[in-house]
1. From the list B:Gly377, B:Gly328, B:Gly351, pick out the single residue that is in contact with a strand residue (DSSP E or B) (Cβ under 9 Å, 6 or more places away or on another chain), among the small types (Gly, Ala, Ser) and at positive phi.
2. Checking B:Met226 against (1) under 30 Å from A:Arg257 (Cβ atoms); (2) in contact with a strand residue (DSSP E or B) (Cβ under 8 Å, 6 or more places away or on another chain); (3) within 8 Å of chain A (Cβ to nearest Cβ), which single condition isn't satisfied?
3. Failed condition for A:Phe476, given (1) facing chain B (nearest Cβ under 9 Å); (2) closer than 19 Å to A:Ala371 by Cβ, with all others met?
4. Regarding B:Tyr431, is this residue touching a residue at least 40 places away in the same chain (Cβ under 8 Å), assigned to a loop (DSSP other than H, G, I, E, B) and of a type in the set (Ser, Thr, Tyr)?
5. Checking the conditions here, which among A:Ile370, A:Ile382 is out of contact with any strand residue (DSSP E or B) (no Cβ under 9 Å at 6 or more places or on another chain) and either modelled with pLDDT under 95 or of a type in the set (Val, Ile, Thr) (or both)?
6. I'd like to check something: does the range B:299-309 contain any residue that is assigned to a loop (DSSP other than H, G, I, E, B) and within 25 Å of B:Gly144 (Cβ to Cβ)?
7. For the range B:233-272, how many residues meet the condition of being more than 11 Å from chain A (Cβ to nearest Cβ), out of contact with any His (no Cβ under 6 Å at 6 or more places or on another chain) and either buried (at least 20 other Cβ atoms within 10 Å of the Cβ) or of a type outside the set (Ser, Thr, Tyr) (or both)?
8. Would you confirm whether or not the range B:495-507 contains a residue that is part of a helix (DSSP H, G or I) and at pLDDT 95 or above?
Amino acid sequence: MSMINELEKLVAKASDKAADLEVYAKDMSMMPAGYADAVVWPESTEEVSAVVKYAYENNIPVVPVSSQTHMYGSTIPKQGGIVIDMKNMNKILEIDLKHKFVRFQPGVTWNQMYEELDKVGARIMMPFTPLGNRSVLSDTLDRCVITNTVYDYGEVTQSLEIVWGDGSVFRSGSGSVHGFAADNTPTHGLYTPSRGVDPSGPGLDFYRIVQGAQGTMGIITWMSAKLELKSQIDKIYFAPIEDLDYANEFLYKIMPRRIGQEIVLLNKVDLATVIADTVEDIPELCAKLPEWTLAIVLSGVKRRPEEKIAYEEHYLTDVINTTFKDISLKPALPGFPGLGRKLLNILKTPWNAPSWKTKPYGAYEDMFFIARPEKASEYVEILSKVVAKHTYPHTMIGAYIQPIEHNRACQIEFTFFYDPANEAEKEEIAAIVYEAGVEMMNNGAQFTRPYGNLVPVIYDRAGGYTATLKRVKGIFDEKNILNPGTLCF
Amino acid sequence: MAISRQAYKALESVTGSKYISEDPVIMQGYKSGPGGYEAGLGYERVMTVLPAAVILPKDTEEVQKIVKICNRYHIPYVPYATGFYGPKTHCHVDDELIIDMKRMQQFSWDEKHMYADIGPGVIYSSLQQEAFNKGCYGVIGGGGAQCSAIANLLGDGWSPLSLKIGLPHRRILGTELVLPDGEIVRMGSLAGSDDPFWGEGPGPDLRCILRGFTGLRGCLGIVTRMAVKYLPFIQESPKPQGIAPNTSLALDEKRIRWINYQVPTKDDQVKAMYEIGAAEIGGACTKVPVFWRAIAKAEDKEEFWDIWLKESEESLKNFHLVRVMLIGYASEEQMDYELAVLDDIMQECHGKPRRTKASDESWLKNADSAGMWLMTGSYVSVEFVIESLNQSVQHGESFAALKASEYTPPLFPDFGDPGWFQNFESGHQGYSEFLIYWDQDEDTSGVDRFFLQTSKMNIENNYYSSHLGPHQPLYLTGPQYGPNYHLWLLKVKNEFDPDWICHPPVPLAHDIFVQRAEWMHDMIDWEVPEKFPMPSWTATLTKEA
């Protein structure tokens, strides 16, 4: 019996039609195309488990896919096999405002999550402009850095349901208790006192091994994640920045005081591209914008929101008056009326696909890493030097700095905009990313989410880690069927 | 039987003769007990032995050499830092080596990026003071300020301050681990550099094997270096005051203060906690065991009993406190804001502030482990679990009911108090801890039985539990959580320690304990394999049942 016939017995819907496979063969990245032999659209954990068991028994690769837009090549089937597209598993299983969490399936998109939480006065922490049609679960598991910097807890992941590489189903964290079911809600009568809000355990921190794994360690069929109550009042402030080091010193001062909710630093290329209504507006905006713009959102939460914002404003005023006189923090950016409302909305909602990064030329390549904020300007300089050796114009590079954990670290992201039809430009950008990436690693940049042509370099440098990772992979996916050819596997 | 001369000489060649010993007097110093955590219980009597030798490496290179020698000569070993965690961190098999990490006290601080880069010999006391000096703070777990910070972060690491600071495993940054076979793995930013400031990746996060909620008691290797994240605090360090042992930190109440509120009902108490979480205020918010108040007041054991025995079920039933710490991280104005919000909440919950000292006796600097066993000489936290506040409230009540109905005595009377509960991470989680006390001079088999009985009760009532992994019989809890987390845990153990050299027979030690302890046999109603999946050599070295 053919593979597709077997799969049709296991799941609600399966296909091996070329048109269906083509959808998964390429993505927005520069990675080469790869074709699966079949695609399935499961509707339950049991169906996912059955497909993985079948693949395990027959040594067939499986590639889990949850989003509807893919950017970095991790879901391209590199060795054929079966794509498991989770988009029909798109239920929000429960929203618990009392314990501030939401439990949901992998097909739930940012748009869907935003709308459902908004109805009940809640929100989930988001990265900067997550694509509305991307999976919340995928981006969260991939450790996409969130814009909100004030909560000490950092990450939102709680319990998970995982299908391991042999098809067995497992729950991590406190959702692992006996009797915990997918419909474990007070209204279904299967309610357990344990609500699945502790990510740790049982026995090992299993959730850690599937984080950042790009589908190579297990397939997640639901996740519990923290949510927050919606703020009552939001106020955005801007500061034009010419000296990046000075801006970072300012952030080192204020962020440990837990001031602000969303805080971002964007260079003029990124900010112009984000806020431009048309492609034609981008050059003019770039010409008018300062080199960098710092945006800080102050929010009043459930009680006495005005008073909360007031003490934060007073603190900021004090710091600026006494120590950082060159920071001009205002509710508006001079020359850009209406920007406050516009950017506040951008920071608080998902971005409808396609990405704003496709505005200039239709395609883009990202390069991101974790670093010490004080070294940000050094990385900008490294990139400038590398770019100077090529013909790609420095003026086309976007830059975004996302402070993390009270500014003890940050994520730096550079974006290279390009015309997808221009092969020479693509090659040049790939070379720049590689050369600059290596030089940045030499200077302390941490590429914790490895993608693209830097993957082999990252794992070569981390020899002991790579060797241990492979041993762990051998335990949870002994036949290496989960997304083979990805990361160091 | 001792470690062979050849093996001993090989070990001695690593550290020099000054830092290795098999002197029986020294070995007595590493005996489990006589007081403290889990002291005098069946597990200690049945499962612990004196070490054959102790060795004190000075750095990772020496640790690696020692571990490789142990593998070559089949010498079982257990890593040991400060040994707080009672018998489970002591030797379990004959001819075992203790690798005592206390010489590894490397300590540096990155003030700007708020982390300490430390070795396993560094204790919380010095770390927290340095943190204060840099305008930061962290959590000192119940083990106390004399605990190894690394050991505590691998198995515990929470306190009332977790309302804001959150779970301990998120404070573990770049980490160096000597695996049971002697290979070294560096995690996070240490994986590809010598900079420990970041904890994740690259890619999948190998911190998964460091702990699993409450740790593995050292059976999956030895952490030799860890960067520990600290959180920003007020910039003025609180000032120590008093004369030992009655010391505390003086608090500037414009920036930091404890307030105790008395509320009329338990419902009000719980509601206040939910609302404090929802309002995102506070640095701590807790309801601790009522007898801790007696501990705090008493100067000695006799005085404690004088105070405590004046209480009754009736007096405790109507006594509900919520203890809240507010911190003006940014300014005095923030403190005013948080006070106003707290006042709103307490009015809704009918709370009345009680007189509260402008000092911190315990959680910021000291923790309080020494006082914890003042009353009887021994205690154990029979459960300490992080889940929802919903579970936390029910959980403590069920433990108190079981204890009162079947296990008091031998356990100390606590008049139905459900123990400690509070909210964590601004209400995203709740915490409950239930402590039990006993007299070591009496028959303690009931204590052993209560400990196991609670594990069964957790399973029956669908409660999450901290006492998984090596803390309870793995074949009891394993099928019920995950399910079958025990099979994955054993696969990981066998991958990195196929000969079970590292702290045998953990993580199956509690399984073996209930097999050996006759007074536990009638409680074994779960499926036990005919032969535990351990290498056969371990059976020849462990005590016979």
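The values are calculated or read from the model by the stated rules, or taken from the named source; none is laboratory data. Note that the coordinates shown come from a computational prediction; the quantities given were computed from them, not determined experimentally. Neighbour counts are summed over all protein chains in view; Cβ atoms, including those assigned to glycine, are modelled from backbone coordinates with ideal geometry.
1. Working: B:Gly328 fails: at positive phi; B:Gly351 fails: at positive phi.
Among B:Gly377, B:Gly328, B:Gly351, only B:Gly377 is in contact with a strand residue (DSSP E or B) (Cβ under 9 Å, 6 or more places away or on another chain), among the small types (Gly, Ala, Ser) and at positive phi.
2. (3)
3. Just one mismatch for A:Phe476, condition (2).
4. Working: touching a residue at least 40 places away in the same chain (Cβ under 8 Å): yes; assigned to a loop (DSSP other than H, G, I, E, B): no; of a type in the set (Ser, Thr, Tyr): yes.
So B:Tyr431 fails the test.
5. Details: A:Ile370 fails: out of contact with any strand residue (DSSP E or B) (no Cβ under 9 Å at 6 or more places or on another chain).
It is A:Ile382.
6. Kept after step one, since they are assigned to a loop (DSSP other than H, G, I, E, B), are these residues of the range B:299-309: B:299-300, B:309.
Adding the requirement that they be within 25 Å of B:Gly144 (Cβ to Cβ) leaves B:299-300.
Yes - at least one qualifying residue is present in the range B:299-309.
7. Of the residues in the range B:233-272, the ones more than 11 Å from chain A (Cβ to nearest Cβ) are B:236-269, B:272.
Those left that are additionally out of contact with any His (no Cβ under 6 Å at 6 or more places or on another chain): B:236-262, B:265, B:267, B:272.
Checking which are either buried (at least 20 other Cβ atoms within 10 Å of the Cβ) or of a type outside the set (Ser, Thr, Tyr) (or both) leaves us with B:236, B:238-246, B:249-262, B:267, B:272.
Here the count works out to 26.
8. So the first thing to find is which residues in the range B:495-507 are part of a helix (DSSP H, G or I), and the list is B:495-496.
Now drop any that are not at pLDDT 95 or above, which leaves B:495-496.
Looking through the range B:495-507, at least one residue is part of a helix (DSSP H, G or I) and at pLDDT 95 or above.
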